[in-house]
Amino acid sequence: MANPQNPLAVLILGPTGSGKTALSLALAERFNGEIISCDSVAVYRGMDLGTAKPTHEERARIPHHLIDVADPNQPFTAGDYSRLARAAMREIANREKFPVVTGGTGLYFRALTEGLFAGPARHEDLRKRLRRSVQRHGSAWLHRLLVRLDPTSAERIHANDTPKLIRAIEVCLAARKPMSQVLARDPLTGFRLLRVGLNPSRPALYERLNRRCAQMFSAGLIAETRALLACYGPVKALGSLGYQQAQSVLLKGVSEKTAIAEAQQGHRNYAKRQLTWFRREPDVHWIEAFGNDPEAHRFAADLVQAHR
């Protein structure tokens, strides 16, 4: 149970385009807060138009953290995010400010709140041997092996789930201890977490995403992508939504109209995946509206007030 003396932090989650920035600004302004971005692309400098980062005016209103902290050619992991975001939360709370975490990268939220485990790397030779054993003896043989190596993991993995059985055995053998011990996480402590989710109607969300994608291109996304390619080359970060489609115009001769349509479809699909992910988050207070809706502001503010 959370310690009632711990400071409160709010986590605003939801699909892309749902208005998380607007809601985070409203709560931060009302409750003397500062905003921590939870977006795996907004961490990169120079990637502005395709990420829908808060504007410079919005960042001038409220201090923001974890935006523009890495160059696009620098690796930046969920573990890096967890470390920096936790430090930012503590620093904000130490100044008696209110931490407001907002974004749509589910893995980063999970890394922040639950921590990550450092599992061993894949061992392809071992995997091949285990697959051959499955062909000879069946998946039940793998499960019996896992029972000997790690009874705790064997209890939660179905005897017919070959991929998970193989990974569990691989981890046990590589780490030389049960996977159930290797996978121990490091959950966030010292805060009471209030999760607020935005879930506007699907047709309205898709319409907003379509408009936003078109506006990104009209604002100069292709030119921004050209400059990033010239500076960094085709780095992994530029494979994100919007930039991937802009690259297809620059490198493959795809028409801008086609690229916009593909980006729109990609954002709609991404919104679906985000909602599926966030539905698994515990104790989310869902708001069936966009984050710029005054009713959403009132509902979220009442939640924060009730938990303070």
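Every read-out reported here was derived from the displayed coordinates using simple, explicitly stated rules and does not represent laboratory data. Note that the coordinates shown come from a computational prediction; the quantities given were computed from them, not determined experimentally. Reconstructed Cβ throughout: ideal geometry from the backbone, glycine too, with neighbour counts over all protein chains shown.
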Work out the charge dipole of segment 124-182 with +1 on the Cβ of Lys and Arg and -1 on the Cβ of Asp and Glu about the Cα centre, then indicate which of Ser133, Cys172, His158 is farthest towards its positive end. Ser133
Per-residue HN-Hα couplings for segment 232-244, Karplus 6.51 cos²θ - 1.76 cosθ + 1.60 at θ = phi - 60°, whole Hz, x for Gly and Pro? 10, x, x, 6, 4, 4, 6, x, 6, 4, x, 5, 4
When we measure straight from the Cα of Lys272, which aspartates and glutamates land under 17 angstrom away, once same-chain ones fewer than 8 places off are left out? Asp39, Glu207, Glu262, Glu281, Glu288
With just the Cα atoms of the chain, tell me how far they stretch along each of the three principal axes, in Å, largest first. 62, 58, 36
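Mean projection of the alpha-carbon convex hull of segment 124-182 over all orientations, in nm²? Spell out each step's value before the answer.
On the way: hull surface 13.7 nm².
Result: a mean projected hull area of 3.4 nm².
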Running a GNM on the chain with Cα contacts under 10 Å, which residue among Leu84, Leu221, Leu126 ends up with the highest mean-square fluctuation? Leu126
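Once you compute Rg and the Kirkwood Rh from C-alpha atoms, what is the Rg to Rh ratio for segment 138-227? Intermediate values should be presented prior to the final figure.
Values: Rg = 23.4 Å, Rh = 17.9 Å.
Looking at segment 138-227, the ratio lands at 1.31.
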Using the Cα centre as the reference, give the magnitude of the dipole from point charges on the C-beta atoms of segment 124-182 (Lys, Arg: +1; Asp, Glu: -1; all else neutral), rounded to the nearest 20 debye. 200
Lys and Arg at +1, Asp and Glu at -1: add these up for the other residues within a Cβ distance under 12 Å of Leu13 and post the number. +2
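Any of Lys53/Lys257; Lys164/Lys236; Lys20/Lys257; Lys128/Lys252; Lys20/Lys236 with alpha carbons more than 32 Å apart? Name them for me.
Numbers: Lys53/Lys257 24 Å; Lys164/Lys236 28 Å; Lys20/Lys257 28 Å; Lys128/Lys252 37 Å; Lys20/Lys236 26 Å.
Flagged as over cut-off: Lys128/Lys252.
Taking the Cα centre of segment 1-80 as origin, work out the dipole magnitude from +1 charges on Lys and Arg Cβ and -1 charges on Asp and Glu Cβ, in debye rounded to 20.
Numbers: 6 positive and 9 negative charges, 41 e Å.
Rounded to the nearest 20 debye, it is 200 debye.
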Net charge, His297 excluded, C-beta distance under 13 Å - Lys, Arg +1, Asp, Glu -1: -1
Dipole magnitude (debye, nearest 20) for the chain, charges at Cβ of Lys, Arg, Asp, Glu: 1280
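Averaged across orientations, what area in nm² does the convex hull of the alpha carbons in segment 1-144 project? Before the final figure, lay out each step's value.
Values: hull surface 52.0 nm².
One quarter of the hull surface, i.e. the mean projection, equals 13.0 nm².
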